[in-house]
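What follows is one structure encoded as structure tokens, with my remarks underneath.
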């Protein structure tokens, strides 16, 4: 067993020399910049730091970094060499890891000071210096208040808080303060700004539980603790039935709604900084803010930002996965040449998985690529894995619905798409998800329903060309040829290359029959 803090929790951040290792994010920083060290090497370095000064056997290192996998010692040797190469940025850093012949390795560098340990293991909050804000967004889930006057509801309030910490921890780009630290505030009266300073976090999620007869009311709010600004608030009224099922439903709904609000807030925050001041996460947040507008110009801007990010921070998985996804989206819309763009996207998706095989966006990019190449089952499987990695992600459920919808599996697709919209009712991607609900109606011959849903989606994102093309076909199939022809003329002004042949090559209906059904609608609208 490796040594733990006094509270029994393992430190997740280690500061040593000019380096800082964030174990939760699996990133090693040199100063404020991420290094190009991969997740396996980071895991090995973390083990050595936790056993600083003590020998660690090869078997223990392999088990820690490749748990359950059979690997050769040469893999370990390669990873140790990559660590030494990165540590060489500090004077004598390449000698901080000592080789012990036939035994293993030992860390003998500067003493590691651990951050991220629980409040109980510190002398007191007043004695400890306030930690700095992490580079990526950070959040603390405070214990929910029981204001019902029924002490029996305390466990329910605590259970929601704990479930939320667990669910939010599955968002790879989000730094979540552990339960031990946040629950230390349960009996303390402090404002969120002071909590932010003590814990070194930007966002605070807090809430209350009230029992009203056989009903429960849960109020939740998300605050930027550094400024005091409110980003999101919601109220949930539910029947008091199965407590555990209800607790899980509330936690799932809150986590699903928070993710896009946090991303939007981070995007806005990044626009307030000069481009040359942006770190790896800030560049991803700014690119997302553009991507969600779903226009050709904004998509091109997002690609430019992410291209810069992967060159400046080559080991940052999120930049690679989002760049891969955005490139596929641009090719799908007809804004980029697929022959050049899709192989580039494939390379970035593969690199993202190599850097972080638990990133849902990487699986979504792989699923989207497979869909574009009409590898149906591979596409659906990749999107399902993204849902498994983060079951509260509206994005993951939405793109699983897309993969199912393009395959003509309308009932399964609509269920996934509705779950995405339910999890995040104000998500900027809901226009895409609604468009795919409309596609499911179209492919099932429900053309009037398709027009209704697609018209709603079009109001949200009028620049989304894939949606406009489908609405055009739906209008024609519903007998509204004049409107279809007028819309087609507008689409062709935005996409002069549009033709039946272009659709055959670029629009990813997964079977010839589904593709022909769409082509039939476009022919009726006047496309040749």
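Just so you know, all these numbers are worked out from the coordinates, no wet-lab data involved. Computed from a prediction, not measured in an experiment: that's the story for all the values here. FYI the Cβ positions are ideal-geometry reconstructions off the backbone, even for glycines, and counts take in every protein chain you see.
Angle of helix 280-291 to the longest C-alpha principal axis of the chain, folded into 0 to 90 degrees and rounded to 10: 20°. Shape annotation for segment 13-115: C-alpha extents along the principal axes are 35, 25, 22 Å, from largest to smallest.
Using only Cα atoms, find the angle between the long axis of helix 73-87 and the longest principal axis of the chain, and express it within 0 to 90 degrees, rounded to the nearest 10. Value to nearest ten degrees: 80.
Extent along the principal axes, Cα only, for segment 277-525: 53, 35, 32 Å, with the longest axis given first. Rg/Rh, computed from the Cα trace of segment 324-383 with Rh as the Kirkwood radius, has the value 0.95. The distance from the alpha carbon centre of segment 390-410 to that of segment 196-255 is 26 Å, rounded to a whole number.
Convex hull over the alpha-carbon atoms of the chain: what's its volume per residue in Å³?
For the chain, the hull spanned by Cα atoms encloses 164 Å³ per residue.
What FRET efficiency comes out for the pair residue 411/residue 226, r = Cβ-Cβ distance, R0 = 51 Å, nearest 0.05? All intermediate terms of the calculation are to be shown ahead of the outcome.
Working: r = 46 Å, r/R0 = 0.89.
Using R0 = 51 Å, I get an efficiency of 0.65.
Pair-distance distribution of segment 189-228: all C-alpha pairs, bin width 10 Å, starting at 0; shares per bin in whole percent are 29, 39, 21, 11. Modelled spin-label separation between residue 95 and residue 154, with each label point placed 7 Å from Cα along the Cα-to-Cβ direction: 5.7 nm. Our analysis of segment 395-528 gives Rg over Rh at 0.95, with the two radii drawn from alpha carbon positions and Rh computed by the Kirkwood formula.
Considering every Cα-Cα pair within segment 243-388, what fraction, in whole percent, is farther apart than 25 Å? Distances greater than 25 Å cover 31 percent of the Cα pairs. Determine which residues of segment 78-113 fall in the zone a paramagnetic label at residue 66 would reach in this model, i.e. backbone nitrogen under 11 Å from the point 7 Å along Cα→Cβ. Once the point is set 7 Å along Cα→Cβ of residue 66, 78-79 turn out to lie under 11 Å by backbone N, inside segment 78-113. The slack between residue 84 and residue 340, meaning 0.36 nm per residue of separation minus the straight C-alpha distance, is 88.5 nm. Measure nothing but the geometry: give the 0 to 90° angle between the long axis through the Cα atoms of 376-389 and the longest principal axis through the Cα atoms of the chain, rounded to 10°. On a 0 to 90 degree scale, this one is about 40. Stretched out straight at 0.36 nm per residue, the stretch from residue 426 to residue 233 would grow longer than its current Cα-Cα span by 68.2 nm. Using just its DSSP H runs of length 4 or more, each adding -39500 (n - 2.57), the chain gives a mean residue ellipticity at 222 nm of -17500 deg cm²/dmol after division by all residues.
Provide the FRET efficiency to the nearest 0.05 for the residue 243-residue 483 pair, computing r from the beta carbons and using R0 = 35 Å. FRET efficiency, residue 243 to residue 483: 0.10. Using the Cβ-Cβ distance between residue 145 and residue 15 with R0 set to 22 Å, the FRET efficiency works out to roughly 0.05.
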